[in-house]
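Scroll down for the structure; my scribbles are underneath it.
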């Protein structure tokens with residue numbers, strides 16, 4: 001539920017996607033810092049949250065930028081193709097055998113993605129660019145799942161999420177400075193959106209997911225996120241005035257069906 005508001009906070013912020021992402025992870029990390037310090041944090045296995053932070057920085061920067069160029073529902077749908085990439089990573093890097101239904105689900109999901117992308121390119125070329133950015137973000141989202149699953153074998157939720165959030169925030173800060181994006185020159189409404197993204201989306205969503213990945217494999221956790229695109233699409237109709245094209249409903253149903261078949 002918390003993650004369903006992610007795209008809305010990005011849109012309400014009226015700021016570059018990477019800036020919203022930086023505040024989202026930075027605020028959440030700052031809030032849990034007192035609890036983190038009370039636990040006398042260890043410095044072992046830091047490679048996992050740092051790599052996870054890099055994946056998250058790339059995921060959020062691309063996805064947030066995509067949201068500002070396409071509809072909230074479409075960006076969320078394409079960004080949540082992560083379960084497919086998780087399975088492909090497992091095939092390529094861990095040599096896991098994938099059953100026939102995986103390839104059926106993959107074909108269905110790719111077909112649905114092409115329908116969604118094609119509809120946007122035909123009606124709104126700029127939307128199509130945003131769609132591609134969101135789809136690319138899904139690849140890095142999958143990397144986050146897999147790295148976090150390994151990292152949670154060695155660290156508790158608070159330790160892992162703090163180190164991941166801190167490293168991600170620093171990487172996003174460097175990216176924003178490199179792109180010459182303003183860091184503080186935003187109206188109060190934008191900072192309220194940043195606060196919502198940090199407290200609702202990052203703390204309420206990502207921290208919960210990080211806890212789950214310490215107890216369940218990524219291939220189980222990732223598919224449970226498929227409700228997020230539907231929730232975001234429904235919320236975006238009254239809150240953002242975004243009504244999907246009929247073909248996008250069809251393509252979106254194909255994408256979600258493919259993910260369900262795979263898992």
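The values are calculated or read from the model by the stated rules, or taken from the named source; none is laboratory data. Owing to the predicted nature of the structure, the values given are computational and were not obtained by experimental measurement. Methodologically, a virtual Cβ is constructed for each residue, glycine included, from the backbone with ideal geometry; neighbour enumeration extends over all protein chains shown.
Remarks
- Any hit, the stretch 79-86, residues being surrounded by fewer than 24 Cβ atoms within 10 Å (Cβ to Cβ), modelled with pLDDT of 80 or more and under 27 Å from residue 231 (Cα atoms): yes
- Only one of the numbered conditions (1) more than 22 Å from the chain's Cα centre (by Cα); (2) within 23 Å of residue 207 (Cα to Cα) is violated by residue 99, and that is (2).
- Test set (1) within 22 Å of residue 255 (Cβ to Cβ); (2) outside any helix (DSSP H, G or I); (3) at pLDDT 90 or above - residue 69 fails condition number: (3)
- Against the numbered list (1) surrounded by fewer than 19 Cβ atoms within 10 Å (Cβ to Cβ); (2) over 13 Å from the mean Cα position of the chain (by Cα); (3) modelled with pLDDT of 85 or more; (4) not in a loop (DSSP other than H, G, I, E, B), residue 54 comes up short only at (2).
- Residue match in the stretch 170-182 (condition: within 15 Å of residue 31 (Cβ to Cβ) and buried (at least 19 other Cβ atoms within 10 Å of the Cβ)): no
- Of the helices (runs of 4 or more DSSP H) lying entirely inside the stretch 138-253, the ones with 1 or more residues being at pLDDT below 85 are found at 207-212, 218-221, 227-239.
- Condition met for residue 67 (buried (at least 23 other Cβ atoms within 10 Å of the Cβ) and either in contact (Cβ under 8 Å) with a residue 12 or more places away in the chain or out of contact with any helix residue (DSSP H, G or I) (no Cβ under 9 Å at 6 or more places or on another chain) (or both)): yes
- Evaluation of residue 102 against the conditions (1) at pLDDT 80 or above; (2) more than 28 Å from residue 236 (Cα to Cα); (3) crowded, with 18+ Cβ neighbours inside 10 Å shows that the sole unmet condition is (1).
- Being under 30 Å from residue 39 (Cβ atoms), in contact (Cβ under 8 Å) with a residue 24 or more places away in the chain, out of contact with any helix residue (DSSP H, G or I) (no Cβ under 7 Å at 6 or more places or on another chain) and surrounded by fewer than 21 Cβ atoms within 10 Å (Cβ to Cβ) is a condition met by at least one residue of the stretch 139-153.
Condition check ((1) more than 20 Å from residue 189 (Cβ to Cβ); (2) without any contact (Cβ under 8 Å) to a residue 24 or more places away in the chain) across all residues:
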| site | (1), (2) |
| --- | --- |
| 18 | no, no |
| 37 | yes, yes |
| 60 | yes, no |
| 77 | yes, no |
